[in-house]
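Peer 1: Next up is a structure, given as structure tokens.
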2 protein chains.
Amino acid sequence: MRRPSLTLLAASLLLASTVACAADTTIPAAAVKTAEQLRDKAMHDDTGYRIAESLTTEVGQRLAGSPADKRGVEWAIAKFRELGFDKVYTEPVTYPKWVRHSESGAIVSPFPQSLALTSLGYSPGTPKGGLTAQVVRFASLDALKNADPARVKGKIVYIGFRMQRHKDGHDYGMGSAIRTQGPVIAQAKGAAGFLLRSAGTDPESRTPHAGVTGFRDPAKTIPAAALSNPDADQLERVLAYDKPVTVKLDLDCGIEGEYTGANVIGEITGAKYPDQVVAIGGHLDSWDLGTGAIDDAAGVAIAMGAAKLIHDLPQRPDRTIRVIAFANEEMGLWGGRAYAEKHADEVGKFQLGTESDFGSGRIWRMSASVKPQARGAIEQIAKVLAPIGVAYDAKRPGGGGSDLSQMHGKGMAALSLTQDGTYYFDWHHTANDTFDKIDPKDLAQNVAVYAAFSYMAAQADGDFGSAPGAFADDGAGD
Amino acid sequence: MRRPSLTLLAASLLLASTVACAADTTIPAAAVKTAEQLRDKAMHDDTGYRIAESLTTEVGQRLAGSPADKRGVEWAIAKFRELGFDKVYTEPVTYPKWVRHSESGAIVSPFPQSLALTSLGYSPGTPKGGLTAQVVRFASLDALKNADPARVKGKIVYIGFRMQRHKDGHDYGMGSAIRTQGPVIAQAKGAAGFLLRSAGTDPESRTPHAGVTGFRDPAKTIPAAALSNPDADQLERVLAYDKPVTVKLDLDCGIEGEYTGANVIGEITGAKYPDQVVAIGGHLDSWDLGTGAIDDAAGVAIAMGAAKLIHDLPQRPDRTIRVIAFANEEMGLWGGRAYAEKHADEVGKFQLGTESDFGSGRIWRMSASVKPQARGAIEQIAKVLAPIGVAYDAKRPGGGGSDLSQMHGKGMAALSLTQDGTYYFDWHHTANDTFDKIDPKDLAQNVAVYAAFSYMAAQADGDFGSAPGAFADDGAGD
């Protein structure tokens with residue numbers, strides 16, 4: 001197909017931005033006004049904050065497949081009902097059950113001392129009595145990729161990438177790449193074990209960061225763990241003596257069969273188009289070291305809290321507000337993938353969607369993947385969100401967040417609502433992910449954004465372009 | 001004895017401050033100049049920093065009585081020799097050996113979840129299978145003191161005093177009082193166990209603070225542990241539901257016989273008065289959760305580093321510089337008390353002394369307990385220290401620091417060199433007390449202060465008033 005000339009493209013863009021055509025999606029003025037009221041109310045409302053408090057206090061950690069996972073599901077059902085959602089139901093999600101029993105590590109020689117570490121998701125345990133081997137350090141994932149297997153064989157591979165704090169948390173790209181790919185590459189070269197500097201930014205706290213590895217084939221696994229930043233510093237200081245460094249890992253963990261958990265869903269039923277849905281959510285599971293507050297009680301609370309505010313309006317919205325508390329996001333988007341598989345055929349009925357899963361910092365940027373005729377409606381949403389600090393970036397796609405990225409992949413129109421993640425990786429996946437890390441005012445701003453956009457999307461005249469296979473080339477998955 | 005009249009006292013003070021009498025102690029001008037050079041060199045020297053790095057890296061934690069205690073002693077002997085000290089020796093110190101094997105805790109009901117806690121020094125272990133009991137909370141130590149034993153009997157007492165950060169760390173007074181007295185009072189009222197909010201100021205990190213209790217009589221002990229600040233917050237949130245809260249403690253720890261460790265001593269021998277000593281030091285032992293960096297590798301490094309700079313002068317000082325790395329300060333000044341008992345008779349030969357045991361923050365205040373005729377010499381020292389941020393407070397006594405307070409109690413003239421402790425209690429006694437918490441420039445300032453004052457005291461014409469029983473009423477022990 002011949003590409004349209006730039007002149008034609010510019011002309012049509014100009015037209016789109018200045019004239020609302022009959023086919024354009026718009027938000028009625030009354031809906032904009034109500035959204036502004038929702039926004040302003042939410043900024044001073046603690047509904048979301050109290051939901052996060054309730055989940056982290058009454059359930060605590062919610063490792064997928066653990067007894068607390070079940071308690072989390074029960075909590076979510078009860079909380080949706082308590083908040084008055086019109087419809088509450090679950091959908092099963094089945095995944096491998098990974099269990100952490102115990103873990104310890106130590107430098108054996110030349111300077112014996114313990115190390116604060118944590119096993120990574122899907123890591124197998126070490127042999128009974130532990131694994132003791134020499135450490136070989138690589139400067140980067142690429143250095144490991146290029147390494148002669150003879151250097152690696154029988155050793156514990158260590159990579160010490162140090163993440164820095166950034167508002168958009170972009171260092172996590174490399175941090176998580178080392179965590180997911182590192183053990184797999186090391187195993188292929190004959191390593192006995194794998195250690196990394198935590199994919200986290202707290203330089204001071206000896207709270208290692210958990211997280212999943214890229215292991216899928218149980219035959220291709222080696223014990224893998226993360227050192228806290230101060231412990232990684234210490235190991236590097238010891239390595240600098242240029243003597244052989246031997247480490248012992250004693251990890252009792254591994255996959256123990258399958259588990260069937262659940263996505264828990266609550267709905268505020270649309271008055272006019274009940275089968276058309278605005279989909280928002282967070283994930284219900286968490287890592288087990290903290291209480292899963294910023295990751296992701298916050299996301300669940302933001303979505304539940306926003307829907308509750310819409311619920312409390314005098315009238316039900318035109319379309320359904322669907323809040324999804326996803327199962328097992330942490331070990332590979334199991335809830336999000338199951339959801340997308342099940343609902344792929346209905347993707348056209350998903351008006352717009354996005355998930356909150358980047359802590360509780362303020363939302364500072366919005367972007368969208370929608371059909372061109374819905375850009376004007378997105379700009380209307382942006383105008384309502386601007387006074388509370390959200391800048392609209394028309395050039396970026398909207399990916400839908402972690403689990404809902406899977407529905408976006410099926411063709412769901414989606415937003416990205418980017419939170420300030422400067423300190424997110426200080427606490428995320430660590431023992432320090434606890435309720436005290438949530439700032440109530442920041443959380444309220446998130447609820448305000450979700451309430452306002454969800455309501456406007458629900459009231460829109462027209463849709464945002466969801467259709468099977470839509471947005472496949474928007475770059476959101478890159 | 002009749003007290004001197006105020007007029008006479010004022011007149012004599014005036015005289016002392018304006019005219020140097022024959023009996024007054026003074027620092028010769030050449031010594032002041034050399035001290036200034038030592039000070040300026042030390043500010044840009046990393047000797048102390050490298051000593052702290054060496055101890056925390058090569059030995060790590062040094063819990064009194066543990067295998068690492070012995071390695072710490074060996075390290076100190078080797079380090080004194082490596083630095084070229086003229087004389088290196090040890091003196092035995094015997095104390096109860098308290099051992100920590102394992103520890104865990106959990107809220108059993110109404111909301112099951114684990115708690116990050118650590119057993120307190122001298123705490124006995126819980127019965128096999130753990131101790132499960134209801135929690136009873138008290139607002140303060142006084143509230144516990146006044147409590148009806150019927151409220152306490154068979155329960156786990158919890159006190160949640162929250163320390164705030166202060167430059168002089170004064171909240172530790174109450175924090176440590178609860179830790180030492182709380183378990184004893186609770187036991188006397190029939191409690192089954194004792195929990196406190198950590199005596200520490202990090203609000204975010206789930207790294208509980210260890211520390212000693214006031215238990216001395218093995219028949220009067222109950223299991224006692226500290227919760228991290230976020231865990232204390234969590235327990236308090238759970239208690240706020242106004243349901244009975246049951247906690248399980250599983251502590252495997254306790255006193256296992258006696259151990260004989262050592263104070264390790266290194267000397268730069270005085271050229272003129274070798275048997276007269278300036279005594280400085282820190283303590284070699286540490287709690288076992290971190291690597292004992294700010295508490296108290298820093299103190300050992302400051303004293304060793306200062307003496308090393310004096311050692312490197314072209315000539316030995318007039319008096320001996322004695323650096324003492326004390327044994328088992330943490331569980332009750334065992335090294336300091338043994339030292340003072342052994343050397344009480346020689347107290348008159350201790351020219352001046354003080355110990356560094358408050359982290360590695362900059363020294364901002366100096367005070368002294370010396371004879372009136374040595375005030376002028378103290379002012380000379382103060383003048384040399386003023387340019388690097390040390391203010392002289394003539395109204396306060398000088399207590400000599402933790403272990404050396406015991407020699408001061410015997411009559412040793414002593415300084416207090418007060419460090420900035422704003423963040424000290426964030427890390428002290430926790431897993432986070434690691435080398436990265438030491439700022440090299442701050443540590444260098446400490447070394448500069450110790451080098452300059454030690455040298456001036458060693459070169460003084462005259463003494464500072466050490467004598468058996470001197471300074472008994474100076475208030476330093478209050």
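The values are calculated or read from the model by the stated rules, or taken from the named source; none is laboratory data. Since this is a predicted model, take the numbers as computed values, not measurements. All Cβ positions, glycine included, derive from the backbone under ideal geometry; neighbour counts span all protein chains shown. SASA here: full protein model, heavy atoms, side chains in, ligands and nucleic acids out. Shrake-Rupley method; radii C 1.70, N 1.55, O 1.52, S 1.80 Å.
Peer 1: Taking the stretch A:177-187 as the search range and keeping residues that are polar (S, T, N, Q) and crowded, with 17+ Cβ neighbours inside 10 Å, which one is farthest from A:Asp433 (Cα to Cα)? Steps first, answer last, please.
Peer 2: From the stretch A:177-187, those polar (S, T, N, Q) are A:180-181, A:187; that's our starting set.
If we keep only those that are crowded, with 17+ Cβ neighbours inside 10 Å as well, we get A:180, A:187.
On the way: A:Thr180: 21, A:Gln187: 30 Å.
Out of the qualifying residues, it is A:Gln187.
Peer 1: What are the residue pairs meeting all of these: first residue in the stretch A:231-243, first residue at the interface with chain B (Cβ under 10 Å from one of its Cβ atoms) and among the hydrophobic types (A, V, I, L, M, F, W, C), second residue in a helix (DSSP H, G or I) and open to solvent by less than 30 Å² (accessible area, probe 1.4 Å), Cβ atoms under 7 Å, and 6 or more apart or on different chains?
Peer 2: Listed by first residue and then by second, the contacts come to A:Val238/B:Thr57.
Peer 1: A further question follows. May I ask you to list the residues in the stretch A:142-157 that are open to solvent by less than 10 Å² (accessible area, probe 1.4 Å) and touching a helix residue (DSSP H, G or I) at 6+ places or on another chain (Cβ under 7 Å)?
Peer 2: Once the filter is applied, which keeps residues that are open to solvent by less than 10 Å² (accessible area, probe 1.4 Å) and touching a helix residue (DSSP H, G or I) at 6+ places or on another chain (Cβ under 7 Å), the stretch A:142-157 yields A:Leu144, A:Val152, A:Val157.
Peer 1: Let me ask something else about it. Could you list all residues from the stretch B:110-139 that are more than 14 Å from every other protein chain (Cβ to nearest Cβ) and exposed (fewer than 14 other Cβ atoms within 10 Å of the Cβ)?
Peer 2: B:Pro127, B:Lys128, B:Gly129, B:Ala139
Peer 1: Same structure, new question: Determine if the stretch A:50-61 includes at least one residue that is farther than 28 Å from A:Ile310 by Cβ, within 11 Å of chain B (Cβ to nearest Cβ), part of a loop (DSSP other than H, G, I, E, B) and not acidic (Asp, Glu). Walk me through it before giving the result.
Peer 2: Within the stretch A:50-61, the subset farther than 28 Å from A:Ile310 by Cβ is A:60-61.
Narrowing further to those that are within 11 Å of chain B (Cβ to nearest Cβ): A:60-61.
With the extra rule that they be part of a loop (DSSP other than H, G, I, E, B), the set shrinks to A:60-61.
Still in the list and also not acidic (Asp, Glu): A:60-61.
Scanning the stretch A:50-61, I find at least one residue that is farther than 28 Å from A:Ile310 by Cβ, within 11 Å of chain B (Cβ to nearest Cβ), part of a loop (DSSP other than H, G, I, E, B) and not acidic (Asp, Glu), so the answer is yes.
Peer 1: Only one of (1) within 30 Å of A:Val73 (Cβ to Cβ); (2) surrounded by fewer than 20 Cβ atoms within 10 Å (Cβ to Cβ) is not met by A:Val264, so which one is it?
Peer 2: In the conditions (1) within 30 Å of A:Val73 (Cβ to Cβ); (2) surrounded by fewer than 20 Cβ atoms within 10 Å (Cβ to Cβ), A:Val264 misses (2) alone.
Peer 1: Anything in the stretch A:62-96 that is away from chain B (no Cβ under 13 Å), closer than 23 Å to A:Gly332 by Cβ and among the hydroxyl-bearing types (Ser, Thr, Tyr)? List them, or say none.
Peer 2: Passing the criteria: A:Thr90, A:Thr94, A:Tyr95.
Peer 1: Which residues, taken from the stretch B:356-375, are open to solvent by 10 Å² or more (accessible area, probe 1.4 Å), in a loop (DSSP other than H, G, I, E, B) and within 20 Å of B:Gly475 (Cα to Cα)?
Peer 2: If the condition is that a residue be open to solvent by 10 Å² or more (accessible area, probe 1.4 Å), in a loop (DSSP other than H, G, I, E, B) and within 20 Å of B:Gly475 (Cα to Cα), then B:Asp357, B:Phe358, B:Val370, B:Lys371 are the ones that fit.
Peer 1: Related question: Which one of these is under 30 Å from A:Ala232 (Cβ atoms), touching a Gly at 6+ places or on another chain (Cβ under 9 Å), open to solvent by 10 Å² or more (accessible area, probe 1.4 Å) and away from chain A (no Cβ under 13 Å): B:Asp252, B:Asp295?
Peer 2: Of the residues listed, the single one that is under 30 Å from A:Ala232 (Cβ atoms), touching a Gly at 6+ places or on another chain (Cβ under 9 Å), open to solvent by 10 Å² or more (accessible area, probe 1.4 Å) and away from chain A (no Cβ under 13 Å) is B:Asp252.
Peer 1: Given the criterion within 14 Å of chain A (Cβ to nearest Cβ) and either open to solvent by 20 Å² or more (accessible area, probe 1.4 Å) or in contact (Cβ under 8 Å) with a residue 24 or more places away in the chain (or both), identify the matching residue among B:His44, B:His101.
Peer 2: Going through B:His44, B:His101 in turn, the sole match is B:His101.
Peer 1: Would it be correct to say that B:Ala431 is of a type outside the set (Val, Ile, Thr), within 14 Å of chain A (Cβ to nearest Cβ) and either part of a helix (DSSP H, G or I) or open to solvent by 10 Å² or more (accessible area, probe 1.4 Å) (or both)?
Peer 2: Taking the combined requirement at face value, the residue satisfies it.
Peer 1: Name the single residue, out of those in the stretch A:188-215 being more than 13 Å from chain B (Cβ to nearest Cβ), in a loop (DSSP other than H, G, I, E, B) and over 24 Å from the mean Cα position of the chain (by Cα), that is surrounded by the most Cβ atoms within 10 Å (Cβ to Cβ).
Peer 2: Step by step, filter the stretch A:188-215, then rank; the result is A:Ala191.
Peer 1: Quick one: in the stretch B:409-424, which of the residues that are open to solvent by 10 Å² or more (accessible area, probe 1.4 Å) and more than 14 Å from chain A (Cβ to nearest Cβ) is farthest from the chain's Cα centre (by Cα)?
Peer 2: Across the stretch B:409-424, the extreme among qualifying residues is B:Lys410.
Peer 1: Residue under question is B:Pro218, and the condition is that it be open to solvent by 10 Å² or more (accessible area, probe 1.4 Å) and farther than 23 Å from B:Gly254 by Cα; does it hold?
Peer 2: No: the conditions fail for B:Pro218.
Peer 1: Can you say whether A:Tyr158 is closer than 30 Å to B:Leu63 by Cα and among the aromatic types (Phe, Trp, Tyr), as far as the supplied structure shows?
Peer 2: yes
Peer 1: Sticking with this one: Which residues, taken from the stretch B:160-176, are over 17 Å from B:Ser228 (Cα atoms) and in contact (Cβ under 8 Å) with a residue 12 or more places away in the chain?
Peer 2: At the first step, the residues of the stretch B:160-176 found to be over 17 Å from B:Ser228 (Cα atoms) are B:166-170, B:173.
Passing the criteria: B:His166, B:Lys167, B:Asp168, B:Gly169.
Peer 1: Can you tell me which residue is farthest from the other protein chains (Cβ to nearest Cβ) among those in the stretch B:22-41 that are over 19 Å from B:Gln445 (Cα atoms) and surrounded by 16 or more Cβ atoms within 10 Å (Cβ to Cβ)?
Peer 2: Among residues in the stretch B:22-41 that are over 19 Å from B:Gln445 (Cα atoms) and surrounded by 16 or more Cβ atoms within 10 Å (Cβ to Cβ), the one farthest from the other protein chains (Cβ to nearest Cβ) is B:Asp24.
Peer 1: With the structure loaded, tell me whether A:Pro244 is over 27 Å from the mean Cα position of the chain (by Cα), outside any helix (DSSP H, G or I) and crowded, with 23+ Cβ neighbours inside 10 Å or whether it fails that test.
Peer 2: no
Peer 1: Scan the stretch A:163-176 for residues that are open to solvent by less than 20 Å² (accessible area, probe 1.4 Å) and either within 12 Å of A:Leu144 (Cα to Cα) or not in a loop (DSSP other than H, G, I, E, B) (or both) and jot them down.
Peer 2: A:Gly175
One line per residue, one yes/no per condition, for (1) of a type in the set (A, V, I, L, M, F, W, C); (2) under 20 Å from the mean Cα position of the chain (by Cα); (3) outside the structural domain of A:Arg71 (by TED's automatic domain parsing):
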| site | (1), (2), (3) |
| --- | --- |
| A:Ala279 | yes, yes, no |
| A:His283 | no, yes, no |
| A:Thr320 | no, no, no |
| A:Asp357 | no, yes, no |
| A:Ala368 | yes, yes, no |
| A:Ile388 | yes, no, no |
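Peer 1: Would you mind finding the one in B:Ile51, B:Ile107 that is open to solvent by less than 20 Å² (accessible area, probe 1.4 Å), under 29 Å from B:Thr269 (Cβ atoms) and in contact with a helix residue (DSSP H, G or I) (Cβ under 8 Å, 6 or more places away or on another chain)?
Peer 2: B:Ile51
Peer 1: For the stretch A:221-239, which residues satisfy the criterion of being surrounded by fewer than 24 Cβ atoms within 10 Å (Cβ to Cβ), modelled with pLDDT of 95 or more and farther than 12 Å from A:Val135 by Cα?
Peer 2: A:Ile222, A:Asp233, A:Arg237
Peer 1: Taking the stretch A:310-355, which residues are among the polar types (S, T, N, Q) and either buried (at least 21 other Cβ atoms within 10 Å of the Cβ) or not in a loop (DSSP other than H, G, I, E, B) (or both)? Working first, answer last.
Peer 2: Step one: of the stretch A:310-355, the residues among the polar types (S, T, N, Q) are A:315, A:320, A:328, A:351, A:354.
Of everything in the stretch A:310-355, those that are among the polar types (S, T, N, Q) and either buried (at least 21 other Cβ atoms within 10 Å of the Cβ) or not in a loop (DSSP other than H, G, I, E, B) (or both) turn out to be A:Thr320, A:Asn328, A:Gln351, A:Thr354.
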